[in-house]
Amino acid sequence: MAGRLTEKQKDQLETWIGSGPKTFKLIYNITRVECSAQEFHRTCDNQGPTVTVLYNPEGSVYGGYAGISWQSNGGYMEDESAFIFQLMYSGKLVLNTFRPKDASKALRFQAQDGPCFGCPDLLTFTGDVAMSVEGYFCLNGRVSLNNYFKDKSVPNTNINNGHMKTAEIEVYSVNDVKLRPETKAFISTKKTQCTGYIWRNALDLTDETVKSLCQEIREVRPKTGTDVTDFRLLLIGPIGAGKSSFINTAMSAFTSRVMHKAPVGTSETGLTKQFIPYQVRETDGSLLHFRLCDTPGLGDTSSIDAINLHFLLDGHIPPSFEFSSSRHVSAKTVGYISKPALAQEIHSVALVLDASTVNGMSSTDTSLLNYCKRLILEKAIPFVVILTKIDKLHEEIADNLTDVFKRPEVNQAVEKVSEALGIPPNHVFPVKNHYREVETEMSVNALSLMALRKMVLLASDVLDVRTSSSKENQADLAVTESNSA
Ligand SMILES: Nc1nc2c(ncn2[C@@H]2O[C@H](COP(=O)(O)OP(=O)(O)O)[C@@H](O)[C@H]2O)c(=O)[nH]1
Ligand SMILES: [Mg+2]
């Protein structure tokens, strides 16, 4: 089950915890379960390290990390690794950690308390707290730094806005990603470089990985009450890069048979002529909560250029729309959606590139791709790169994908794209598509699911921001209207 904590916030917490790659699994939250110390201890005791996160109505996000398991035995526990943190204050990014000044009472284990750090420096709640009619919890805890945690001269009110009214508390269990010994050694020698790249190194391309990635992706869905039923994930890239093949490959991972829904092939003008948002089904027929949007090729002479891309990103283009290289889309184009709903906008984009061609990319290619990237980022849409055809980089990769993250050819292609486009290596996903296989391959599935998971998670983050900002706009509008009435 996905929580409110964004991928970026998890990355930040991982850095603060500071002992390598981590997974975050939501194990308790007060809106789904109840705000009850008994429930908290029932689900969170003996679960190893955890992060507790509070979200208040003003958009402040703060909490605490416990490096050892919660207990209900009534005592204090020393924890050098514990810290209190803030990630947002009143909707703005504010990053702070408050480390113990005396770690001997870093955690308090009272059965009648929710998560409690210090004596108390951060007490979430005691006993049971009911949800108010407005949907908030007026917690009976407090923020009171400078007892057992340093306050770094930050007033408590600059963390919790001076109150404990809270929309949500989440507790995540935090686990080390299991690294193979050679990966650990690699990390310690290259610690500061491309940690995300190494992170992927940690995942074995096995049946188990595929199952858990499928489960993770299945659970990410748009919040109820937003009118959005699925995330729109857009694939763009040069003709023949493997966009349509990637869609088929990602679909295959959920059905365990090779899918051929999106037409694939080589042709100078490209086989895909239309914008098609494909729905993805599982073997039992149930729909997943995203659409993979296929497009014709990107480039000067093909039909998607920066102007058409602009309309596509904003949601003006209807499904099955056929682009033409001789005419740009405009407000007069038949089928043009003049006021796209949030559900029709694009929520994340993958630029698909053929890994075997990245070394020969001309400066014209690079500048067009950079232009598209800037356009996408200007619209605050998250962006990743999918590097297809890695099997073409070396025959050993074609034969065996399991060591893909250790292959220098793959590393070099990732670095090259990361440099050319100015994006971090952990946003570049090497994949091989099913293109000649008749049965699905686990390693192929796993790589495509890693890319898909990132796209879905980024889309989910962006939709949260867009829905909260459109709510704020509506509230502003309501105020303006009532003022002018
Ligand atoms: N070797 C190899 N060929 C691929 C891969 N992905 C796609 N192809 C081939 O590349 C060609 C173009 O693929 P397609 O998906 O139609 O590209 P699109 O124009 O970007 O949609 C097809 O012949 C595919 O079989 C891959 O990962 N490895
Ligand atoms: Mg295509």
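The values are calculated or read from the model by the stated rules, or taken from the named source; none is laboratory data. Here the structure is a predicted model, which means the values were calculated and not measured. As a convention, Cβ positions derive from the backbone with ideal geometry for all residues, glycine included, and neighbour counts pool all protein chains shown. When the accessible area is computed, the model is the full protein with side chains, heavy atoms only, and any ligands, DNA or RNA have been set aside. Shrake-Rupley method; radii C 1.70, N 1.55, O 1.52, S 1.80 Å.
Data for the structure
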item: Count - residues of region 228-267 that are within 13 Å of ligand 2 (Cβ to nearest atom) and either at positive phi or assigned to a loop (DSSP other than H, G, I, E, B) (or both); result: 14
item: Residue list for region 32-48, restricted to those being under 25 Å from Y89 (Cα atoms) and surrounded by 17 or more Cβ atoms within 10 Å (Cβ to Cβ); result: C35
item: Some residue of region 452-461 being assigned by TED's automatic domain parsing to the domain that holds V258, at pLDDT below 85 and not basic (K, R); result: no
item: Selected residue [among the hydrophobic types (A, V, I, L, M, F, W, C) and either over 30 Å from K223 (Cα atoms) or open to solvent by 30 Å² or more (accessible area, probe 1.4 Å) (or both)] from L309, L287; result: L287
item: T224, sole failed condition from (1) of a type in the set (V, I, T); (2) near ligand 2 (Cβ under 9 Å from one of its atoms); (3) part of a loop (DSSP other than H, G, I, E, B); result: (2)
item: Any pair with Cβ under 8 angstrom, 6 or more apart, that starts in region 14-28 at a residue that is part of a helix (DSSP H, G or I) and ends at one that is at pLDDT below 85; result: E14/P21; E14/K22
item: Top-ranked residue in region 312-327 [being exposed (fewer than 15 other Cβ atoms within 10 Å of the Cβ) and assigned to a loop (DSSP other than H, G, I, E, B); ranked as nearest to the chain's Cα centre (by Cα)]; result: P319
item: Hey, F246 within 8 Å of ligand 1 (Cβ to nearest atom) and open to solvent by less than 10 Å² (accessible area, probe 1.4 Å) or not; result: yes
item: Selection from region 283-304 of residues that are without any contact (Cβ under 8 Å) to a residue 60 or more places away in the chain, assigned to a loop (DSSP other than H, G, I, E, B) and within 16 Å of ligand 1 (Cβ to nearest atom); result: P296, T301, S303
item: Filtered residues of region 97-135 (kept if part of a strand (DSSP E or B) and β-branched (V, I, T)); result: T97, T126, V129
item: Candidates I346, I376, I390, I381 - the one that is closer than 27 Å to S443 by Cβ and within 28 Å of the chain's Cα centre (by Cα); result: I390
item: Any pair with Cβ under 9 angstrom, 6 or more apart, that starts in region 206-232 at a residue that is in contact (Cβ under 8 Å) with a residue 60 or more places away in the chain and over 19 Å from G285 (Cα atoms) and ends at one that is open to solvent by 60 Å² or more (accessible area, probe 1.4 Å) and of a type in the set (V, I, T); result: T206/T402; P222/T229
item: L5, sole failed condition from (1) open to solvent by 50 Å² or more (accessible area, probe 1.4 Å); (2) over 23 Å from Q110 (Cβ atoms); (3) assigned to a loop (DSSP other than H, G, I, E, B); result: (1)
item: Matching helices (runs of 4 or more DSSP H) fully within region 361-446 where at least 1 residues are away from ligand 1 (no atom under 14 Å from the Cβ) and of a type in the set (A, V, I, L, M); result: 363-378, 408-421
item: Condition check for I397: touching a Pro at 6+ places or on another chain (Cβ under 6 Å), open to solvent by less than 70 Å² (accessible area, probe 1.4 Å) and more than 25 Å from F231 (Cβ to Cβ); result: no
item: Residues located in region 357-372, provided they are under 25 Å from D391 (Cα atoms) and in contact with a strand residue (DSSP E or B) (Cβ under 9 Å, 6 or more places away or on another chain); result: V358, M361, L369
item: Considering residues of region 260-277 that are open to solvent by less than 30 Å² (accessible area, probe 1.4 Å) and at pLDDT 85 or above only, the residue nearest to ligand 1 (Cβ to nearest atom); result: A262
item: Unmet criterion (only one of (1) within 14 Å of ligand 1 (Cβ to nearest atom); (2) buried (at least 17 other Cβ atoms within 10 Å of the Cβ)) for V280; result: (1)
item: Matching option when the condition is closer than 28 Å to R374 by Cα and assigned by TED's automatic domain parsing to the domain that holds G285, among L213, L235; result: L235
